[in-house]
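Written out below as structure tokens is the structure these notes cover.
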Amino acid sequence: MDKAYRMCVRCVMDTTDPDIEFDENGYCNHCRGHFSRLRYRPTAEQGLVAIEKLVAKLKAEGRGKDYDCLLGLSGGCDSSYLAFKVVELGLRPLTLHFDSGWNSELSAQNIERVVKFLNLDLFTIVCDWEEMRDLQRSFFLASLVNCDIPQDHAFIATLNQVATKHGLRHWISGHDYWGSECIMASAWRGYDSCDWRHIKGVHRAMGGKKLTAYPHYNWFDLFIYYPWIRGIRPVNLFDNMQYNKMDAKEFLKKTIQWKDYTGKHNESIFTRFFQAYYLPTKFGYDKRKCHLSSLIVSGQITRADALKELAHDFYQAGQLEEDLDFVLKKLGFSSQEWAQIMAAPPKSFLDYPSNHRLLKLQQDFRRAGSRVKSALFRRS
């Protein structure tokens, strides 16, 4: 790092983020940005009205069908708690689990507890492992930050495909924008998983085999076919809820003996390894700082709690060696090949084909539209 080490005095973001900036009070651009965006957040009363309208709409669309909506279920806290809220609202969701080949035993147990307690139908899709492995190998060999792209892209593709198959017009998203996901360093996140051109470009550059079964979508599918022709759109219930992740965990533990993974997205062995070893070792990025900072600024934990969490190693004694051995064998990397991957200089997604400019233009346009819509909603 060219600049001296520094940490925000309010959250725990620091100069390991190459784009971080501080004001004269020592506050970083991330937490300042969060508080400036809060003016767009619906009040509790406005959120309740929005949810009531949405539920009425979903029930009307589901009339005469077996289900009102589709809900992705990973076994993590957000999706598990969301399943309870959806049922509490009187909706009849079809739950979908996408098995990318990396499920922990704990995630399978949590999913089973949720669907059994709520008496929900579960639709499980198991990926073609050879193709998923080939894609994940390609992203590691490409020396990119976001090696979670193959899983993330396939999950969204599967949600849209299953919604289409069952004639459902909405799938419920577990994205917690105002809570545990309100802060994320762009450099740490890497590139967006929605770009099929980028996925194909990385795969082709790394000598990947032909993909025939991998679930995917292209630009036309994402922006035209699914939302406007099929009428399928995601719904973020958490945007209109006063969601507290700590309270949700306690509720799940008490109600269904749900087991905590002690880390965001650690229900997937791959994601745990990717976030807890690959990113900090190769790039110096500790995503816990984003997750913990989000919880700090949303009032769910204190900064002292976050610092205490960061003082602990990612892995418990012996677990890293176990995960490393498991992941390398599963992906088919030798120890020497993996050492070369970790020693290779990091690359940018811009080093590979992408629709970056087009997607950025659309993202800026949609954000502006969302802010105008939120402002009008608050005035009404």
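Numbers below:
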item: Sorted largest first, extent of region 222-261 alpha carbons per principal axis (Å); result: 43, 20, 16
item: Flagged links, alpha-carbon separation over 28 Å, of K259/K360; K287/K330; K53/K287; K65/K210; K259/K289; result: K259/K360; K53/K287; K65/K210
item: Computed FRET value (nearest 0.05) for Q46 with R230, which takes r as the C-beta separation and R₀ as 35 Å; result: 0.75
item: Cα radius of gyration and Dmax for the chain (Å); result: 20.8, 63
item: Spin-label pair Q319/L118, simplified geometry with 7 Å Cα→Cβ offset, distance in nm; result: 2.6
item: Q340 versus A304: modelled label distance in nm, points set 7 Å from Cα along the beta carbon direction; result: 5.1
item: Stokes-Einstein D in µm²/s, Kirkwood radius over Cα pairs - region 37-109 at 25 °C with 0.890 mPa s viscosity; result: 173
item: 222 nm mean residue ellipticity, helices alone, for the chain (DSSP H n ≥ 4; -39,500 (n - 2.57); rounded to 500); result: -14500 deg cm²/dmol
item: Ellipsoid semi-axes in whole angstrom, largest first, where each is sqrt(5λ) of the Cα gyration tensor of region 108-218; result: 27, 19, 14
item: 20 Å Cα-Cα reach of K59 towards lysines, excluding residues that sit fewer than 8 places from it in its own chain; result: K85, K165
item: Shape call, region 197-266: gyration tensor on alpha carbons, a/c limit 1.5; result: oblate
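Every number in this text was worked out from the coordinates using simple rules, so none of it is lab data. In this text, all values refer to a predicted model and were calculated from it rather than measured experimentally. Using ideal geometry, Cβ is built from the backbone for each residue, glycine included, and neighbour counts are taken over all protein chains shown.
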